[in-house]
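To keep things clear, I will list the structure first and then write my remarks on it.
The values are calculated or read from the model by the stated rules, or taken from the named source; none is laboratory data. Keep in mind that what you see is a predicted model, and the values were worked out from it rather than measured. So basically every Cβ, Gly included, is an ideal-geometry build from the backbone, and we count neighbours across all protein chains shown. All accessible areas refer to the heavy atoms of the entire protein, side chains included, with ligands and DNA or RNA removed. Shrake-Rupley method; radii C 1.70, N 1.55, O 1.52, S 1.80 Å.
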Amino acid sequence: MSDTDRKTVLTAAQPTGILTIGNYLGAIKNWVSLLDDHDCLFPLVDMHAITVPYEPADLRKRTRSLVAQYIACGLDPEKCTLFIQSHVVGHTELAWVLGCLTPIGELQRMTQFKDKTAKGAPINSGLLFYPVLMAADILLYNADIVPVGEDQKQHLELTRNAAERFNHTYSETFKIPEPKIGTTGARVLSLQDPTRKMSKSDDNQGAYILLTDEPDVIRKKIARAVTDSGSEVKSGPDKAGVANLLSIMSGFSGKSIEEHEAEFVGKGYGDFKKAVGEVVVEGLRPIREKFEEVEKDKGYLDGVLKAGAENAQKKAYKILSKVQRKVGFVERFR
Ligand code: TYM
C-alpha cells in the first residue's frame, strides 16, 4: 500500500496513571493491529488531564510513564507517531475555533460530563469544553478512523458534528472521522460491580487490574471478582460477572468466548477463575517486562517524544493554517 492510500488513525488516552486491562483490551490492543497498514498518531493528552484535580509533578511522571506503557503494549514508535499533546501547537487553537461553533447544550448533554459533575466535584469550564478539545485532537490531523472504547462514542459523535458544522459554515475542510469500536473488550467491566466499566479511578482497587500488577495480585483480584448466582460458565444478560471474565479471557487468549465456554462445561467458577487468572498473568508478563526496561531509558523516551512531536507538528500546521485562513484570521508573518 502506498503512503497516500494509507488512512490516518488517531486516538488517545489520558495520562492518569498505569493503564488497566480495560484500556489495553478495549483500546491499545486494537491500535496495535492497525500499525502496519495505517498512518497512526497517538497523542498523550496531558491537556485533557488537567480538567480534574491533579498534582503537576504526578502529571509529568504519568505522561512519561504512559509513553513507556504504550511502547510496552506494542505501539512501536518506528511504526507510529507517539507525542505529547501539549508539545504540538494547534490542538487548543483549533479547539477554540470549533468551540465557537458548538452550542453549549451539546456539551451539557455529554454523559461523561454529567457523570463527573454528579459526583459533586468542583466543575471548571475546561471539563465542559473537554469534548471540543478532543474533537480538535482528531480533526487537526484529518483522521479517518478513531478507535475507541464504547464510552467515547458520544464524544466521537460530537466530533463528527463539529467537523460537519465547520465544513458547512466555511467550506469543505475536514473529513468526517469514523469511530472504530472493537467487539471483544469494547467495554471491560469492573471486577467488583459488572454494571460499571473498569476504571483506574475506582476507589476499590479490587475492581481493576493494572498492566503492572504482580502475578499474585492479578490472581487474587480475579479470584475475588464478583460472579453471579448459578454455577454455569456461560455468557448471558443475567451473567454480567461471568460474561466479563469470559470477555477478558478471550481478549488475552485470542480464542472466542464460545470456545472458552466449551472448556468449562461441567466445571465450577473456582476452576474458571483460576484459568482466567493464568491467562491474564501470562498475557501481561511480556508487557510488564518491556515496560520496566523502557521506563528506565530516559534518553530513548526523550528521543521518541521529540521525533513524534516534530512529525505531528508538521501535519498540524498544514490544517491549522488552512482553518485560520478560512475563518478570516490574517495570515501569520513568518
Ligand atoms: P481514556 O483515557 O479514559 O481512555 C483511553 C481509551 O481506553 C478506552 N477505555 C476502555 N475501553 C473498554 N473498557 C474499559 N473499561 C475502558 N476504559 C477506557 C476508552 O474508550 C479510550 O478509547 N477522552 C478520551 C481521550 C481522548 C481521545 C482523544 C480519544 C482525548 N482526545 C482523541 C480519542 C481521540 C479519554 O478520556 O480516554
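Residues in the stretch 115-136 that are within 16 Å of the ligand (Cβ to nearest atom), free of Cβ contacts under 8 Å to residues at least 24 places away in the same chain and more than 25 Å from PRO43 (Cα to Cα): how many?
Qualifying residue count, the stretch 115-136: 2.
Among residues belonging to the stretch 61-101 that are in a helix (DSSP H, G or I) and among the aromatic types (Phe, Trp, Tyr), point out the one that is most open to solvent (accessible area, probe 1.4 Å).
Looking at residues that are in a helix (DSSP H, G or I) and among the aromatic types (Phe, Trp, Tyr), I get TRP96.
ASP58 passes all but one of (1) within 16 Å of the ligand (Cβ to nearest atom); (2) under 20 Å from ARG285 (Cβ atoms); (3) open to solvent by 10 Å² or more (accessible area, probe 1.4 Å); which number fails?
That leaves (2) as the condition not met.
Can you name the condition, by its number, that ALA240 falls short on among (1) in contact (Cβ under 8 Å) with a residue 12 or more places away in the chain; (2) surrounded by fewer than 14 Cβ atoms within 10 Å (Cβ to Cβ); (3) hydrophobic (A, V, I, L, M, F, W, C)?
(2)
How many residues does the stretch 254-284 contain that are under 21 Å from the mean Cα position of the chain (by Cα) and either part of a helix (DSSP H, G or I) or aromatic (Phe, Trp, Tyr) (or both)?
The qualifying residues number 3.
Can you list residue pairs whose Cβ atoms sit under 7 Å apart, with the first residue in the stretch 138-163 being closer than 14 Å to THR111 by Cβ and open to solvent by 20 Å² or more (accessible area, probe 1.4 Å) and the second being outside any helix (DSSP H, G or I) and more than 10 Å from the ligand (Cβ to nearest atom)? Count only pairs 6 or more apart in sequence or on different chains.
Going by the 7 Å Cβ cut-off, the qualifying pairs are GLN154/MET110.
Residue under question is LYS200, and the condition is that it be farther than 22 Å from SER33 by Cα and either free of Cβ contacts under 8 Å to residues at least 40 places away in the same chain or near the ligand (Cβ under 8 Å from one of its atoms) (or both); does it hold?
no
Please verify whether THR16 is within 12 Å of the ligand (Cβ to nearest atom) and farther than 23 Å from LEU133 by Cα, treating the condition exactly as stated.
Here the answer is no, as THR16 does not meet what is asked.
Out of the residues in the stretch 187-197 meeting the condition of being within 12 Å of the ligand (Cβ to nearest atom) and touching a strand residue (DSSP E or B) at 6+ places or on another chain (Cβ under 9 Å), tell me which one is farthest from GLU289 (Cα to Cα).
So the residue we want is ARG196.
Scan the stretch 243-256 and tell me whether some residue there is more than 27 Å from TYR70 (Cβ to Cβ), modelled with pLDDT under 95 and open to solvent by 50 Å² or more (accessible area, probe 1.4 Å).
no
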